[in-house]
1. Of the accessible area of the chain, with the probe set at 1.4 angstrom, what percent is carbon plus sulfur?
2. When the dipole is taken about the Cα centre of the chain, and only Lys, Arg (+1) and Asp, Glu (-1) are charged at their Cβ, what size is it in debye, to the nearest 20?
3. Using the Cα centre of the chain as origin and beta-carbon charges of +1 (Lys, Arg) and -1 (Asp, Glu), tell me which of V639, L527, F452 is placed farthest towards the positive end of the dipole.
4. Which lysines, on any chain, are close to K70 with Cα under 18 Å apart, when same-chain ones fewer than 8 places away are left out?
5. First select every other residue whose beta carbon is under 12 angstrom from the beta carbon of D64; then total the charges, Lys and Arg +1, Asp and Glu -1.
6. Which peptide among 17-29, 190-202 comes first, and what is the full order, when sorted by highest mean count of other Cβ atoms within 10 Å?
7. Dividing the alpha-carbon radius of gyration of the stretch 161-273 by 2.2 N^0.38 Å (N being the number of residues), what value is obtained?
8. Below 8 Å, C-alpha to C-alpha, sequence gap of six or more: please give me the relative contact order for the chain in percent.
Amino acid sequence: MGISLRDIKGVGPKTEEKLNQLRIFKPSDLANFFPSGYLDLDKATPLYGVSNGDFARAEVTITDIAKPIKFGNRNILKVRGIDDDNNRIEITWYNLPHLIRELVIGTRLICFGKVQLGKILKFPHPTFEIIKEGKERKLKGIKTQYRTKGILSHGVMSNLVQELFKIENYDSVISQECLRRYNLVDLNTAYNQIHFPSSINEVEMAQNRIDIENIVKEMAAFRLINNCIKRAYRYKDVPNFVSRAEKLLPFKLTKSQSEAIEKIKESLVNSDKPLNAMLIGDVSSGKTVVATLASLFALYSSCQVAVMAPTEILAKQHYKTFNDYISAKGVKIALLTGSMSPKEKQLVHKDIKEGRVNIVIGTHALLSESVEFKYLALVVLDEQHRFGVAQRTSLLSKGIACDLISLSATPIPRSLRMTLFGNVEVLNIERRSDASNIKTQVVSEKYKNDVFNAVAKKCIQGEQAYIVAPRIFDVEGVETNSVEKLYVQLKRKYSKEINVGYIHGNMKNDEKNKIMEDFRTNKIAMLISTSLIEVGVDVANATQMIIMDAERFGLSALHQLRGRVGRAGQEANCYLVTEHDDSSRLTFLEKETDGIKIAEMDYELRGPGEWLGERQSGRMMDNISLETLKLCNDLAQSVDLNKNYDLLFNYAIDNGLNRISLN
């Protein structure tokens with residue numbers, strides 16, 4: 001049994017209760033309750049050279065003590081004094097009521113904090129120390145600050161951590177050989193450096209070391225959990241499946257499509273572990289065809305397949321595609337979306353539960369508790385980054401150790417990281433043709449009317465266009481283009497020559513479906529939309545796209561959006577309109593068409609987001625580079641799972657890793 005909070009010197013019932021309020025329930029929580037900031041007391045600016053907002057130091061003799069006041073939930077104490085150069089200084093403290101008993105006229109203090117300049121120099125809530133003759137001063141070096149919400153003082157937190165480190169050691173899952181090879185300090189040193197650093201540079205190195213440990217531990221824990229999971233279904237082998245299935249299609253499969261289907265088939269038939277594959281293919285590469293034929297293969301073993309898409313538009317598109325390609329084989333395919341009537345849903349639910357449906361294609365409606373499968377074995381997630389961890393896991397839990405195929409055109413940063421885990425099989429699909437037919441151009445906001453006119457001219461000639469805005473409606477105080485505003489402007493300007501329409505997520509599904517059908521049949525030539533059309537919309541005649549306020553979108557999202565035009569291989573244009581003069585991030589897209597490289601650049605620019613999408617308490621690892629992650633992957637592969645079994649198993653259970661889908 002490990003130690004508890006009450007084993008730490010200084011932690012009694014009241015202190016334990018206060019720690020619990022800070023979500024600190026066990027010693028490891030306390031060790032990982034990192035400082036929110038650091039004060040380098042040796043680098044404070046003397047008052048004679050101070051500017052407003054500087055971190056400064058002053059020795060003050062108190063000349064006046066105001067009566068404490070209460071304002072809302074704050075207890076406020078103000079004192080005034082002078083320094084050795086007779087500068088008048090006002091000091092304010094919040095929620096430190098005990099100070100009134102310690103301060104008297106003539107008390108000398110040394111203060112550290114940010115200053116406010118004015119008629120009188122002010123120190124709002126500084127760090128301080130009462131100067132006592134013959135006693136060594138404690139306020140020197142690096143002092144830590146904790147986000148304690150006033151529940152405990154910084155000093156108490158620091159003392160508790162110090163006492164914890166006297167009785168607890170932290171063992172690394174990384175071997176001593178690897179620690180030496182990669183020049184990594186031991187964990188005890190790293191924890192001491194992050195809580196009690198001797199320099200600010202030491203803090204950054206300690207944070208990086210602990211981040212590496214946590215990532216390696218998580219990777220190794222996933223390896224351990226994966227080793228424990230066995231396949232629930234055995235799939236029958238189907239000789240010459242790919243060549244036979246290809247005859248159902250109105251076109252020939254590309255080499256990479258055929259190889260991807262073969263690899264999926266091989267894993268389903270021969271592996272004793274569930275498939276966890278990420279099918280990565282750029283826009284227009286034919287990922288849906290691979291998913292369709294993989295689903296067909298599963299049906300030969302009398303299994304059910306669930307295909308989930310993030311929008312009803314895309315779900316209906318997949319429903320049509322699956323039916324076009326494989327319904328001739330007698331496959332029963334059902335559609336399940338939120339807009340269906342209760343009676344329609346009830347009928348589909350019954351068919352799924354009784355096994356009369358082979359493949360069900362739907363939106364988040366598939367996650368309903370009312371949806372029960374008879375023998376769900378394969379799950380396909382399209383645009384997998386649109387679903388949270390809980391949603392993906394919820395669908396997988398409707399079967400037993402289900403196989404998973406995730407589709408993505410541009411894997412978001414989190415997905416890039418997950419591919420570093422050994423149990424995610426990455427399958428790449430090449431485009432049927434290169435993307436050189438789509439010309440991407442960054443345009444200044446001041447030239448937007450020229451772009452509108454150029455695109456309208458193309459629409460008059462019979463082509464179609466998307467105009468994308470970051471918002472549906474105008475927001476007071478926020479200067480952005482909205483669907484509402486653009487629709488009014490462009491309809492007024494061009495409606496005599498072309499039909500202008502709009503679509504967004506707040507509309508009813510019937511409205512959205514009608515508008516998209518009108519766009520598909522060219523009844524609408526210019527469609528104004530939010531990024532709703534980013535996902536899977538396929539209109540062959542669409543050749544023009546204008547993305548307004550492009551700086552507000554991530555690179556991967558922009559790449560997905562421009563993939564909506566030129567899908568038949570004809571010449572197309574994508575204009576990225578921005579008011580920012582420095583658009584180096586956007587100009588990257590003018591030259592780059594590779595989805596993986598774009599996703600990696602997105603990662604470097606925007607950070608990884610939350611680790612696993614559901615980060616437990618701890619520091620967000622937004623500054624972890626791909627190189628560091630690759631190092632972590634190498635280290636994780638060398639972790640001795642048997643030696644560290646108890647530690648990794650408990651870590652996996654404590655953090656719910658056994659319930660998480662990795663894609």
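The values are calculated or read from the model by the stated rules, or taken from the named source; none is laboratory data. From a predicted model like this one, the values you see are computed outputs, not experimental measurements. Reconstructed Cβ throughout: ideal geometry from the backbone, glycine too, with neighbour counts over all protein chains shown. Areas reflect the complete protein model, heavy atoms only, side chains present, ligands, DNA and RNA absent. Shrake-Rupley method; radii C 1.70, N 1.55, O 1.52, S 1.80 Å.
1. C and S fraction of accessible area: 47 percent.
2. For the chain, the charge dipole is close to 1520 debye.
3. My answer, from the dipole projection, is L527.
4. Output for K70: K78, K149.
5. Taking every other residue near D64 into account, the sum is +3.
6. Descending packing order for the listed peptides: 190-202, 17-29.
7. After normalising by residue count via 2.2 N^0.38 Å, the value is 1.86.
8. Dividing the mean separation by the residue count of the chain yields 12 percent.
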